[in-house]
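Q: Got a structure here, written out as structure tokens. Questions coming.
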Amino acid sequence: MEIVAGVHQLRIPFPDGAERVTNAWVVEGDRGSILVDCGWDTSEAIWAFREGLKVDGLSFQDIKWIVLTHVHPDHLGMAAKLRELCGAKVVMHRLDAALVGPRYVDSSRLAEEMEEMLLSHGVPRDEIGEMREAAGKAAQFVTPLEPDVLVNEGDTVSNGSFQLDVIHTPGHTPGHICLYEPRKRRLFSGDHVLFDAVPRICADPQSGADPAGDYVRSLEALVDRQVSFVFPGHGPVFNSLGIRSNEILRLCNVRQQQILSELEEGLKTAYDVTRAVPWRVNGGEASYDELPFREKRTSVCEAVAWLKRLSLDGKVAPLERNGRISYLAK
Ligand SMILES: [Zn+2]
Ligand SMILES: [Zn+2]
């Protein structure tokens, strides 16, 4: 569907009948189209992509660049196949490009590091097995690839009509990028700012030392940017970047306060905290026990991210004993 002149939205379904979709954006120009993000690699996704192009009178051959906002499977999964179908070049930030191999080509070391991390934060061993299985299922919907072009903050990807400036927005992943068209004031925001959800911010072996702090700083850096349309990786298009960013910043503060008040009751691991605070899933609120195992792992990683941020702010102190980390409110 053409949302504004020259910008088409393709809604790419998630695997296994999940209700969510990834927005893939086709940006038309004098020198071919730029595709921003792809979707999981499934036959349904390829079909949805092909049909979406056809309805809007576009073809695979029009697409000359595939820009991936980040390394997650719902954005990168199908990129290798689309690169072949389109004869396009794949563009990524260098930091997320470096994560593709360890994440999707040989993930055994990453899986081990992840399990060690989860154990050290209090997750019981029997839950870890189920989390591993859930994560393994997701990997089957990704075809790994090496990007053709690595970009950094300040680089541009141009097709003549649209000149997209690369803005590095670490937090959701270390090499997450948004793309900004300054003349038309359009922002392709990936998973950095969504209208109807707060992006997951996870500490994991690939995330760097302070993903939650990175995320907050990335939001603050963009909050005053003049934007007429935001085209996000999921959910509806919107135009109130400043209002939405401030709302997400407020919700990040609420999350930190919830975690702090749990720690006021005494020393707790990230796992204890994760079990105690509410989580959002499919638009509703759920307790830890109600979450699927993949979401359970993500939720523990998110609690760890905020506990690291609170530690760096001097509000809590981590205490390690026999390989297990607990946190104490200061
Ligand atoms: Zn993501
Ligand atoms: Zn996503």
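Q: Got a number for residues in the stretch 13-26 being within 14 Å of ligand 1 (Cβ to nearest atom) and either touching a Phe, Trp or Tyr at 6+ places or on another chain (Cβ under 6 Å) or part of a loop (DSSP other than H, G, I, E, B) (or both)?
A: 2
Q: Counting just the residues of the stretch 41-87 that are in a loop (DSSP other than H, G, I, E, B) and in contact with a Phe, Trp or Tyr (Cβ under 6 Å, 6 or more places away or on another chain), which one comes out surrounded by the fewest Cβ atoms within 10 Å (Cβ to Cβ)?
A: Pass one, the stretch 41-87, residues in a loop (DSSP other than H, G, I, E, B): 41-42, 56-59, 68-72, 77-78, 87.
Then keep just the ones that are in contact with a Phe, Trp or Tyr (Cβ under 6 Å, 6 or more places away or on another chain); that gives 41-42, 77.
Working: D41: 21, T42: 18, G77: 29.
Per the stated criteria, the residue is T42.
Q: Here are some residues: M131, M114. Which one is at pLDDT below 90, assigned to a helix (DSSP H, G or I) and surrounded by 17 or more Cβ atoms within 10 Å (Cβ to Cβ)?
A: M131
Q: For F195, only one of the following conditions fails: (1) of a type in the set (A, V, I, L, M, F, W, C); (2) within 16 Å of ligand 1 (Cβ to nearest atom); (3) more than 22 Å from N246 (Cα to Cα). What is its number?
A: (3) is the only condition that F195 fails.
Q: Taking the stretch 201-211 as the search range and keeping residues that are part of a loop (DSSP other than H, G, I, E, B) and within 22 Å of E112 (Cβ to Cβ), which one is farthest from ligand 2 (Cβ to nearest atom)? Even if it seems obvious, please write down each step before you answer.
A: Taking the stretch 201-211 as the starting set, the residues that turn out to be part of a loop (DSSP other than H, G, I, E, B) are 201-210.
Adding the requirement that they be within 22 Å of E112 (Cβ to Cβ) leaves 202-209.
Working: C202: 12, A203: 18, D204: 16, P205: 20, Q206: 16, S207: 15, G208: 19, A209: 23 Å.
The selected residue is A209.
Q: Does H172 satisfy being under 18 Å from G233 (Cβ atoms), part of a loop (DSSP other than H, G, I, E, B), touching a Ser or Thr at 6+ places or on another chain (Cβ under 7 Å) and not small (G, A, S)? Before you say what the answer is, go through the steps one by one.
A: Values: under 18 Å from G233 (Cβ atoms): yes; part of a loop (DSSP other than H, G, I, E, B): yes; touching a Ser or Thr at 6+ places or on another chain (Cβ under 7 Å): no; not small (G, A, S): yes.
No, not satisfied.
Q: For the subset of the stretch 67-113 comprising residues that are over 21 Å from F14 (Cα atoms) and basic (K, R), which member is farthest from ligand 2 (Cβ to nearest atom)?
A: Looking at the filtered set, the residue picked out is R109.
Q: Across the stretch 150-165, what is the number of residues that are surrounded by 15 or more Cβ atoms within 10 Å (Cβ to Cβ) and more than 16 Å from G101 (Cα to Cα)? Steps first, please.
A: Filtering the stretch 150-165 down to residues surrounded by 15 or more Cβ atoms within 10 Å (Cβ to Cβ) leaves 150-151, 155, 157-159, 161-165.
Right, trim to more than 16 Å from G101 (Cα to Cα) and you get 151, 155, 157-159, 161-165.
The total comes to 10.
Q: What number of residues within the stretch 244-268 are among the hydroxyl-bearing types (S, T, Y) and loosely packed, with under 15 Cβ neighbours inside 10 Å? So that I can check it myself, show each step before the final result.
A: Here is the first cut: in the stretch 244-268, the ones among the hydroxyl-bearing types (S, T, Y) are 245, 261.
From what is left, the residues that are loosely packed, with under 15 Cβ neighbours inside 10 Å are 261.
Residues in the stretch 244-268 being among the hydroxyl-bearing types (S, T, Y) and loosely packed, with under 15 Cβ neighbours inside 10 Å: 1 in total.
Residue-wise test of (1) under 18 Å from E295 (Cα atoms); (2) of a type in the set (S, T, Y); (3) outside the structural domain of I325 (by TED's automatic domain parsing); (4) touching a residue at least 24 places away in the same chain (Cβ under 8 Å).
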residue	(1), (2), (3), (4)
L99	no, no, yes, yes
V123	yes, no, no, yes
G160	no, no, yes, yes
I167	no, no, yes, yes
I177	no, no, yes, yes
P182	no, no, yes, no
D191	yes, no, yes, yes
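The values are calculated or read from the model by the stated rules, or taken from the named source; none is laboratory data. This one's a predicted model, so the numbers in the text were calculated from it and none came from an experiment. Please note: Cβ atoms are built from the backbone with ideal geometry, for glycine as well, and neighbour counts cover all protein chains shown.
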